[in-house]
Every structure is written in structure tokens, then in C-alpha cells.
Amino acid sequence: MMNFNTIILSALCIITINSCKKSDAGKPCDPSIKPVVSTNSPVMAGETIQLSVSGIDNVAIINWHGPDNFNSHEANPEIPYSNGFAAGRYTVDVISKSGCVYTAVTDSVVVEGSEPACQLNDNTAQLFRNIQFHDITVTGQTQVIADSYDSDITFTFKTPGTLPTGMYRIKAQPEYRDEVDIRFLAYSAYYVAESGNVAITRENGKIVITFCDIEFKETGTYFKMKGSARLVF
């Protein structure tokens, strides 16, 4: 059985726009052959991105690569629970059994922010009561802190920098870029969000963070409550 290294060493052919080169004296590759790629873009945040390549016969190896260090050897790979990290163009190299390498690039995949289920005014929350935040700051590029006169809410993300649109899973001490820790301080008591999703969208060039009916637990007790918020900055 011919392996990848054997293919490359014995009959490597790279297809470019206008030419085809082959490392041995065998039959040259046909530069008119082009892989056909497709996606299901645009997708809503949290949905599955579907990629597809076809049009090449006698395929030996397929290699997809793209945003967020994505790679796959499947002809029709999927990216579940998508967010803005997965937006952009994807490239696929299809290597035939004769050693020809055919390359194609998708159109840019668009991941759109999902519409939150709750409707709130800007910079407000419903936690115990209606709260109006008077100041929103970004600390260390990983935390967003919204202050009111007697309470504050802190979002801690794993990745510094501008937040891509998408759905972020709630998790204390996040390990992955699509996770976020939410803590609410009121009357000297801390409440930690336990599970659910947070939507990151963009409106008129500003970042919008929204969550709806998320359950918080007071640290050190069994008391729980649900809350919603919408921050614009």
C-alpha cells in the first residue's frame, strides 16, 4: 500500500493557476482539474459549519486547514458549536494516488451573532432587581467589568484581545477560548454563574454581551437565582 511519503517522493505534482510541475518523468498532472469546494456559510453562532470538497478522482489524502488552527483529513468535515474564531477562509489540498496536489480555497465563512432570547435596555441587568450600569471597563484584555453604585458583574475570558462574535459557554476558570466565567458582586456577596451561554454580538461597531436567565449560585451557600444582562461598549 502506497503511503503519503511514497506518493510525495515518487510523483509530486503541484497545481497552480497556470502551470503544473512533476518531480518525475511520468505523465504530467492536468492543470485544468480544479477541486470543487463549498460551505454552508453564513451560519449562526452555535451552529455547525459544514465544509465539502469534490471533483478529484483517485484521492489518496485530503488536508483541510483554516482559522483557529483547524485541520481535517475528511472530505466533508464539520465544525460544531461555531463561533467567531472559526470565521474566515478554509484551504484544502487534495492529493491524488498519482501524486498530484490540487488546492482550493473557500469563500470566507461568516459566523453571525445569534439573537438573544431576552430583550433588555443597554447596560442593564435583572439580578435581584433592575440594575443600571454606569461604567464598563476592560481590564488586562481578558476581563470586562460593569459597575453600578452598589454592585458589579465581571466577565473573564480565556483569550485576550477583541472578542469574536459567537456563543461562549459559561465555566468557572475557563480553559478554552469559547468559555467565560461570570461573577456578580452585590452587598458583599459573590454569585457565580453555573452554566449556560453568553452571546457576543456587534452593533454599530460596538461589542454587545448578552445573557438570559442564567442561574447564579452564591459562594459558600446553596442560594441560587437567575439573571439576565446586556452590556454595550
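Side notes on the structure shown:
- Per residue, the chain reaches -1000 deg cm²/dmol at 222 nm when only DSSP H runs of four or more residues are counted, each adding -39500 (n - 2.57).
- Calculated over the chain: convex hull of Cα atoms, volume per residue (Å³): 156
- Partner aspartates and glutamates for LYS34 [C-alpha distance under 20 Å; skip if fewer than 8 residues away on the same chain]: ASP57, GLU74, ASP93, ASP107
- For the stretch 102-144: rounded, prolate or oblate by the Cα gyration tensor [a/c cutoff 1.5]: oblate
- SER52-TYR176 FRET efficiency (beta carbon distance; Förster radius 25 Å; 0.05 resolution): 0.40
- In this structure the chain gives 55 Å² per residue of accessible area when probed at 1.4 Å with all protein chains present.
- Chain lengthening between THR139 and THR162 when straightened (0.36 nm per residue, less Cα-Cα): 7.1 nm
- Whether the stretch 113-233 is rounded, prolate or oblate, judged on the alpha carbon gyration tensor where a/c under 1.5 counts as rounded: rounded
- ³J(HN,Hα) computed for each position of the stretch 67-79 - Karplus, 6.51 cos²θ - 1.76 cosθ + 1.60, integer Hz, glycine/proline x: x, 6, 6, 5, 8, 7, 10, 8, 6, 10, x, 10, 10
- Here the Karplus curve 6.51 cos²θ - 1.76 cosθ + 1.60, taken at θ = phi - 60°, turns the phi angles of the stretch 200-208 into couplings of 10, 10, 10, 9, 6, x, 10, 7, 10 Hz, with x standing for Gly and Pro.
- Placing a pseudo-label 7 Å from each Cα along the Cα-to-Cβ vector at LEU185 and PHE128 gives an inter-label distance of 1.3 nm.
- Amide H within-cut-off set for ILE61, under 5 Å, with H built and near neighbours excluded: ILE95
- The aspartates and glutamates whose alpha-carbon is closer than 19 Å to the alpha-carbon of LYS171, local same-chain residues fewer than 8 away aside, are ASP152, GLU179, ASP181, GLU194, ASP213, GLU215, GLU218.
- Over all other residues within a Cβ to Cβ distance under 15 Å of ASP150, the charged ones net out to -2, with Lys and Arg as +1 and Asp and Glu as -1.
- Between the stretch 26-46 and the stretch 188-233, the alpha-carbon centres lie 41 Å apart.
- The residues TYR222, TYR187, TYR81, TYR102, sorted by heavy-atom accessible surface at 1.4 Å with ligands and nucleic acids left out, run TYR222, TYR81, TYR187, TYR102 from largest to smallest.
- Taking the Cα centre of the stretch 89-225 as reference, the dipole from Cβ charges on Lys and Arg (+1) and Asp and Glu (-1) amounts to some 360 debye.
- In terms of accessible area, using a 1.4 Å probe and ignoring ligands and nucleic acids, LYS224, LYS171 rank largest first as LYS224, LYS171.
- Carbon-plus-sulfur accessible fraction, the stretch 91-233 (probe radius 1.4 Å, protein heavy atoms only): 46%.
- Rough spin-label spacing in nm, given labels placed 7 Å along Cα→Cβ, for VAL110 and ASP147: 3.9
- Listed values for the stretch 216-233 are Karplus-derived 3J(HN,Hα) couplings in whole Hz (6.51 cos²θ - 1.76 cosθ + 1.60, θ = phi - 60°), namely 10, 10, 6, 5, x, 9, 9, 6, 10, 8, 10, x, 9, 7, 9, 10, 10, 7, and x replaces Gly and Pro.
- In this simple spin-label model, placing a label point 7 Å from the Cα along the Cα-to-Cβ direction at both ARG202 and PHE223 gives a separation of 4.0 nm.
The values are calculated or read from the model by the stated rules, or taken from the named source; none is laboratory data. A quick note: this is a predicted structure, and the numbers were derived from the prediction, not measured. Virtual Cβ from ideal backbone geometry, glycine too; neighbours counted across all protein chains shown. Surface accessibility is based on the protein's heavy atoms, side chains included, excluding ligands, DNA and RNA. Shrake-Rupley method; radii C 1.70, N 1.55, O 1.52, S 1.80 Å.
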